[in-house]
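Participant: Provided herewith is a single structure, encoded as structure tokens, for subsequent inquiry.
Read-outs: derived from the displayed coordinates by stated rules, not from any lab. Small disclaimer: the values here were computed from a predicted structure and weren't measured. Backbone-built Cβ (ideal geometry, glycine too); neighbour counts: all protein chains shown.
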Ligand SMILES: [Zn+2]
């Protein structure tokens with residue numbers, strides 16, 4: 001079977017759109033020789049990653065260990081005041 005690169009497509013793992021291989025970065029890490037996310041998603045990912053991190057930070061702030069941590073800071077501040 002001979003694949004013609006210009007006709008080959010791949011489904012992006014992030015946006016799930018079937019797109020031509022030309023919009024995927026070549027990569028030896030993947031069996032088919034291309035990254036599993038299209039260039040648009042790769043370029044888009046830093047922003048998405050930051051949004052995910054910010055959401056995680058908010059979530060951790062509400063988690064029990066976040067409360068304990070905050071309590072530690074408050075206790076330290078209290079000790080310094082007295
Ligand atoms: Zn994509």
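Participant: Which of the residues spanning region 20-59 are within 17 Å of residue 7 (Cα to Cα) and touching a helix residue (DSSP H, G or I) at 6+ places or on another chain (Cβ under 6 Å)?
Facilitator: Answer for region 20-59, where residues must be within 17 Å of residue 7 (Cα to Cα) and touching a helix residue (DSSP H, G or I) at 6+ places or on another chain (Cβ under 6 Å): 23, 34, 38.
Participant: Mind checking which residues of region 30-52 are more than 18 Å from the chain's Cα centre (by Cα) and surrounded by fewer than 16 Cβ atoms within 10 Å (Cβ to Cβ)? Lay out the reasoning, then the answer.
Facilitator: Filtering region 30-52 down to residues more than 18 Å from the chain's Cα centre (by Cα) leaves 30-34.
If the condition is that a residue be more than 18 Å from the chain's Cα centre (by Cα) and surrounded by fewer than 16 Cβ atoms within 10 Å (Cβ to Cβ), then 30, 31, 32, 33 are the ones that fit.
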